[in-house]
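Asks: Got a structure for you, questions after.
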Amino acid sequence: MAGRGKLIAVIGDEDTCTGFLLGGIGELNKNRKPNFLVVEKDTSITEIEETFKSFLARNDIGIILINQFIAEMIRHAIDAHMQSIPAVLEIPSKEHPYDASKDSILRRAKGMFSADDFR
Amino acid sequence: MGVSELEESCLSLDEKLLGFMEQLDVLEQKRAALNSLIEQGWFTMSKARYSMGNKQVCALQYASEMEPLVCVHARKLDDGNVEFSTERVTQSKESEKDVRLIEDIGPQEKGVRRRNKPQKDITEKGANDKPSSEKATEATPVKQRDHSHQQDPLKWFGILVPQSLKQAQSAFKQVIELSAEIATLQTAILNTKQELRNSMKHKHVLQEEISAAQLDKAVN
């Protein structure tokens, strides 16, 4: 492990996880807990949400990458996360291209230009 | 006095808004680059899957022991922003370590080794020598095992992998670096948004104060 840096976690479909693990982000810690979750057809939303929350709670994770279609399933949990570390990044998946209007960061930024702000 | 303060606040608000727009523009560009790199990665990975077989490039091939080859440093800046930067463990460093390990093994045993020792020496020294020789033999495999965890993830999928899988790996390496930059930008955007909100509130307060003062003047 290089220095005492933080990890990058991934929640995504098989190809996304395989790609990022090829890139070298994968880790299995002492408790054999991985920093990634491969979401398959039979993966429940509860499991995804619990994994996301466990990644938020871990202090060795700096960035969480999540496929946007999976982020849509647990939108409430992503919107509730207001801290800058770990940063949550929504990425496209093979079947679902990236849609900026769904991104929670851009939606927050867009909220800047509501009628209330320009009162 | 109040009017000039209002003007200053308006100017700073304009500056912040322009900065905010610029940040959004850069974010959009980086997002586009990230998306195209990910697509490229998937495409080359699919090519590799086509040539290697469907089950050769899947989650079942992941190693049972993994150590990260890249980590991210999050540094809090004075202006409240957080800067994310990636650091990669280079393979050259690893190979240097390996070479040092091999070189260290030889010179540890100093002096000339006698093959035909007298029986006395063996019985006397036997008890003392055994633990140290065992230590030496035990120490090296442990080091090697530690090192093997940090192997190149390409090797999970075979020794001779196609070029397309290597291309997929390099695309995802770039994606990882870009994602750190995007994370930095995202936090900066949220901070700028908060600053804009605060200065907007300040401007409204100033406007109300000025209009109240003008009303007072008119009444008097």
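The values are calculated or read from the model by the stated rules, or taken from the named source; none is laboratory data. Keep in mind it's a predicted model, so treat the numbers as computed, not measured. A quick note on method: Cβ atoms are made from the backbone with ideal geometry, for glycine too, and the neighbour counts reach across all protein chains shown. Please note that ligands, DNA and RNA were not included when accessible areas were found on the heavy atoms of the full protein model with its side chains. Shrake-Rupley method; radii C 1.70, N 1.55, O 1.52, S 1.80 Å.
Yes/no per residue for (1) farther than 18 Å from A:GLU14 by Cβ; (2) surrounded by 15 or more Cβ atoms within 10 Å (Cβ to Cβ); (3) at pLDDT 90 or above; (4) among the aliphatic types (A, V, I, L, M):
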{"residue": "B:CYS10", "(1), (2), (3), (4)": "yes, no, no, no"}
{"residue": "B:LEU34", "(1), (2), (3), (4)": "yes, yes, yes, yes"}
{"residue": "B:MET45", "(1), (2), (3), (4)": "no, yes, yes, yes"}
{"residue": "B:LYS76", "(1), (2), (3), (4)": "yes, no, no, no"}
{"residue": "B:PHE84", "(1), (2), (3), (4)": "yes, yes, yes, no"}
{"residue": "B:ARG88", "(1), (2), (3), (4)": "yes, yes, no, no"}
{"residue": "B:LEU101", "(1), (2), (3), (4)": "yes, no, no, yes"}
{"residue": "B:GLY111", "(1), (2), (3), (4)": "yes, no, no, no"}
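Asks: If you scan the stretch A:1-36, which residues turn out to be farther than 22 Å from B:THR44 by Cα and more than 7 Å from chain B (Cβ to nearest Cβ)?
Replies: Filtering the stretch A:1-36 down to residues farther than 22 Å from B:THR44 by Cα leaves A:1-9, A:27-35.
Of everything in the stretch A:1-36, those that are farther than 22 Å from B:THR44 by Cα and more than 7 Å from chain B (Cβ to nearest Cβ) turn out to be A:ARG4, A:ALA9, A:ASN29, A:LYS30, A:ASN31, A:ARG32, A:LYS33, A:PRO34, A:ASN35.
Asks: In the stretch A:78-99, what residues are open to solvent by 10 Å² or more (accessible area, probe 1.4 Å) and more than 8 Å from chain B (Cβ to nearest Cβ)?
Replies: A:ASP79, A:ALA80, A:HIS81, A:MET82, A:GLN83, A:VAL88, A:GLU95, A:HIS96, A:ASP99
Asks: Looking only at the stretch A:11-65, which residues are in contact (Cβ under 8 Å) with a residue 60 or more places away in the chain and assigned to a helix (DSSP H, G or I)?
Replies: Filtering the stretch A:11-65 down to residues in contact (Cβ under 8 Å) with a residue 60 or more places away in the chain leaves A:12-13, A:15-16.
Correct list: A:ASP15, A:THR16.
Asks: Just one of A:PHE69, A:PHE52 is buried (at least 18 other Cβ atoms within 10 Å of the Cβ), more than 30 Å from B:ARG75 (Cβ to Cβ) and out of contact with any Phe, Trp or Tyr (no Cβ under 9 Å at 6 or more places or on another chain); which is it?
Replies: A:PHE69
Asks: Please tell me if A:ALA57 is out of contact with any Leu (no Cβ under 8 Å at 6 or more places or on another chain), within 26 Å of B:LYS76 (Cα to Cα), among the small types (Gly, Ala, Ser) and open to solvent by 50 Å² or more (accessible area, probe 1.4 Å). It would help to see each step written out before you state the result.
Replies: Values: out of contact with any Leu (no Cβ under 8 Å at 6 or more places or on another chain): yes; within 26 Å of B:LYS76 (Cα to Cα): yes; among the small types (Gly, Ala, Ser): yes; open to solvent by 50 Å² or more (accessible area, probe 1.4 Å): yes.
Criteria met by A:ALA57.
Asks: Another question, then. Answer with yes or no whether A:THR18 is open to solvent by 70 Å² or more (accessible area, probe 1.4 Å), of a type in the set (Val, Ile, Thr) and over 24 Å from B:LEU185 (Cβ atoms).
Replies: Details: open to solvent by 70 Å² or more (accessible area, probe 1.4 Å): no; of a type in the set (Val, Ile, Thr): yes; over 24 Å from B:LEU185 (Cβ atoms): yes.
No, not satisfied.
Asks: So which residues in the stretch B:25-72 are at the interface with another protein chain (Cβ under 7 Å from one of its Cβ atoms), more than 17 Å from A:PRO97 (Cβ to Cβ) and part of a helix (DSSP H, G or I), if there are any at all?
Replies: B:MET45, B:ALA59
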